[in-house]
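First the structure, in the form of structure tokens, and then the observations on it.
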Amino acid sequence: MNSIKKVPAFRIFCFCWLFLSILPIFSQTVDTFPELDEAVFNELVSTGSVSKVYYKQDNIQLTLCPDTELGSQLINSWVSEDKPVYVSESLFYIKKPEGSTGNDIDLISGILRSISSMEGIKYYSNSAGGIKTLYLQSYTVDNPYDKNRIPDQTDGSADNRTIYAFQEDNSFGVNTYQIDYRQLDNEISMVMKNEDPVKFAFITAVKKNNLVMSLQIIDKGSYLITYILAQMKFPALSIFESKMNNSLNARITALQNWFEESYFAAKITQEEIKE
């Protein structure tokens, strides 16, 4: 007769502990991440980013925007009577440093208002075939008329605050931007609109308020989700199309890289202060 071999109690305990420890990984469903569609979130986590571009399309439905209070506001960030020709939405997944699970919205709030830190950020230029500097100058100004340089306004909450930024960039030249902020407990947003027209030679390529860059960041404890919405209206002419599309794509990547680098640098500084 074959005897039944008994499994030691310790092995049973180890198996149960392992099973219970990994169970949450398999039980994470869309209900755990209600801000995003389940398929979108799964792709985002596996690839690090998801993006969509709409060019010369009517009745655009933004499908990547997180379903949050500030996300719903970003959908309505376009205020111009003209309809945008180019619309791009991008999601990025940022894993926080090991052991960092607290709320970093106040830290992020200061980063997003550090306009001067954008100066010198790089981007890849398709036309030049190499790395170039996007913002040659970038700083906060008192208003869009006098444009006197003032210190970055990083104190306190960013909620319902408006600041103005002067920027000279390699693609669109010199411009002043109005930046509107919202800040809640676990999310923050900024919406940048051009105050001055963008011109190439003597041709007005982009009128006032026809270049809108929106950025939203959601803090989920152990990771961040970044959503960038770029919208622009320009004449749908061949002389503009390639330059504008490439410039906006490069701008989105540069904006995300700037935030990530600034965030991780701020986290390192934060830990050094604690020590």
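What follows is calculated from the coordinates using simple rules that are stated; it is not laboratory data. Since the model is a prediction, treat every value here as computed from it, not as a measurement. Positions of Cβ are generated from backbone atoms using ideal geometry, with glycine treated the same way; all protein chains shown enter the neighbour counts.
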- The extension gain from ASN170 to GLN61, computed as 0.36 nm times the residue separation minus the Cα-Cα distance, is 36.1 nm
- Note the listed values (1) 55, 40, 36; (2) 97, 46, 37; (3) 65, 37, 31, then indicate which one is Cα extents along the principal axes in Å calculated from this particular structure. (2)
- Message: Give me the one-decimal nm value for the distance between modelled label points at ILE268 and ASN143, 7 Å along each residue's Cα-to-Cβ direction.
- Response: 4.1 nm
- Query: Could you name the aspartates and glutamates in cross-link range of LYS243, using Cα to Cα under 15 Å and dropping any fewer than eight places away on the same chain?
  - Reply: ASP169
- Mind ordering 50-59, 150-159, 205-214, 134-143 by average Cβ neighbours within 10 Å, highest first? 205-214, 134-143, 150-159, 50-59
- In nm, give the distance between the simple-model label positions of ASP159 and SER127, each being 7 Å from the Cα along the Cα-to-Cβ direction. 4.3 nm
- Note on the structure: Residue-ordered couplings for segment 88-97, obtained by feeding phi - 60° into the Karplus form 6.51 cos²θ - 1.76 cosθ + 1.60 and rounding to whole Hz (Gly and Pro as x), are 9, 10, 9, 10, 9, 10, 10, 7, 5, x
- Message: I'd like the orientation of helix 38-47 relative to the chain: the angle between its Cα long axis and the longest Cα principal axis, in ° from 0 to 90, rounded to 10.
- Response: 90 degrees
- Loop-resident sites, segment 166-238, for chymotrypsin sites (Phe, Trp or Tyr not before Pro), counting at most 14 other Cβ within 10 Å (DSSP): PHE202
- Size of the dipole of the chain about the Cα centre, Lys and Arg at +1 and Asp and Glu at -1 on the beta carbon, nothing else charged, in debye to 20? 800 debye
- Helix-only mean residue ellipticity at 222 nm for the chain, each DSSP H run of n ≥ 4 adding -39500 (n - 2.57), per residue, nearest 500: -10000 deg cm²/dmol
- Note on the structure: Here segment 131-144 yields Karplus 3J(HN,Hα) values (6.51, -1.76, 1.60; θ = phi - 60°; whole Hz; Gly and Pro given as x) of 7, 9, 8, 6, 9, 6, 9, 7, 6, 7, 10, 6, 6, x
